[in-house]
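I have placed the structure first, in the form of structure tokens, so that the comments after it can refer back to it.
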Amino acid sequence: MIKFNSSEERYDYNQGVIQRIGIDTNQYSILNINKIGIDAPVNHIFNELMHFNGSPSCWPNHIAKVDRISNNLENIRILPFGWKRYPFKFMKSFFGLPMIPLFLLTAIRVKDAPDSFDFDNARYLLYECSGGYPIGILAIYVRSSIPELGETSKSQLVFGVGFNFFGKQKWQEKRKFVSVIWERVHNRVTANVLNRIKELSEWRIETIEENRLQNKT
């Protein structure tokens, strides 16, 4: 949830997003960004993301299964309850809405190394969302912390989505309850996923350090 005190702040924020991933989020009716600090190096966290396959230790696979098409990170389906087809033969949608898959992710860019001029030391995965209810983008962005922003952990993991429901920018204007319910569910799930990734990344770094110390002794 992003709150701005002025239109200038909103403009500056959007320009920051454009500079980092090249996407203008003003074209989407929904913009939701969650961030968490992690005491682990950027490259280590990004490596965890590159090997992510919907592990139940980090992702609610029982609700929304991650299906890597041809075991490929560049093409992913998110399936409700793991269903690849509707539970009854006569069903072609849920109440007229296409929900299988929930959405398709097609990689726009996998940035696995920072540019020489990138002071954020950033790596990220940028996907186009299609095929379900969100039509837009998903960005999973890892960068070094910025002390001037009050960030104290080694790195920051950012999970951001910008989209229009079913590709229609004004679809939810008459369905505001949809936005409220979606936001609550999305924020809860995302917070849980980010905390799990944080715990896993920090635990692995601690294990590496402990093994290093043991080898020295």
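The stretch 117-144 and the stretch 14-51 have Cα centres spaced 5 Å apart. Accessible surface of Ser130, taken over heavy atoms with a 1.4 Å probe and every protein chain present, rounds to 30 Å². Taking only protein heavy atoms and a 1.4 Å probe, the accessible area of the chain is 54% carbon and sulfur. Provide Rg over Rh for the stretch 108-217; use the alpha carbon set for both Rg and the Kirkwood Rh (inverse mean inverse pair distance). Reported Rg/Rh (Cα atoms, Kirkwood Rh): 1.09. Taking amide hydrogens as placed 1.01 Å from N in the peptide plane, the amide H of Phe166 sits under 5 Å from those of Ile135, each at least 5 positions away in sequence or on another chain.
Accessible surface area normalised per residue over the chain is 61 Å², counting heavy atoms of protein chains with a 1.4 Å rolling probe.
Just so you know, the Cα atoms of the stretch 136-196 work out to an Rg and Dmax of 15.0, 43 Å. Give the lysines whose C-alpha is closer than 16 Å to that of Lys154, dropping any in the same chain fewer than 8 places away, or say none. Answer for Lys154, where 16 Å is the Cα cut-off: Lys35, Lys198, listed by chain and number. Pairs over the 27 Å Cα-Cα cut-off, from the set Lys3/Lys174; Lys84/Lys170; Lys3/Lys170: Lys84/Lys170.
Using the Cβ-Cβ distance between Ser70 and Val185 with R0 set to 30 Å, the FRET efficiency from 1/(1 + (r/R0)^6) comes to roughly 0.55. Cβ-Cβ distance of Asn14 and Glu210, R₀ of 45 Å, FRET efficiency by 1/(1 + (r/R0)^6): the value works out to about 0.55. Only alpha carbons enter this Debye calculation for the chain, each as an equal point scatterer, and the log10 of I(q)/I(0) it gives at q = 0.07, 0.10, 0.14, 0.17 Å⁻¹ is -0.25, -0.50, -0.95, -1.36.
The values are calculated or read from the model by the stated rules, or taken from the named source; none is laboratory data. Just so you know, these numbers come straight off a predicted model, no measurement behind them. Heads up, the Cβs are rebuilt from the backbone with ideal geometry, glycines too, and the neighbour counts pull from every protein chain shown. For accessibility, only protein heavy atoms count, side chains too; no ligands or nucleic acids. Shrake-Rupley method; radii C 1.70, N 1.55, O 1.52, S 1.80 Å.
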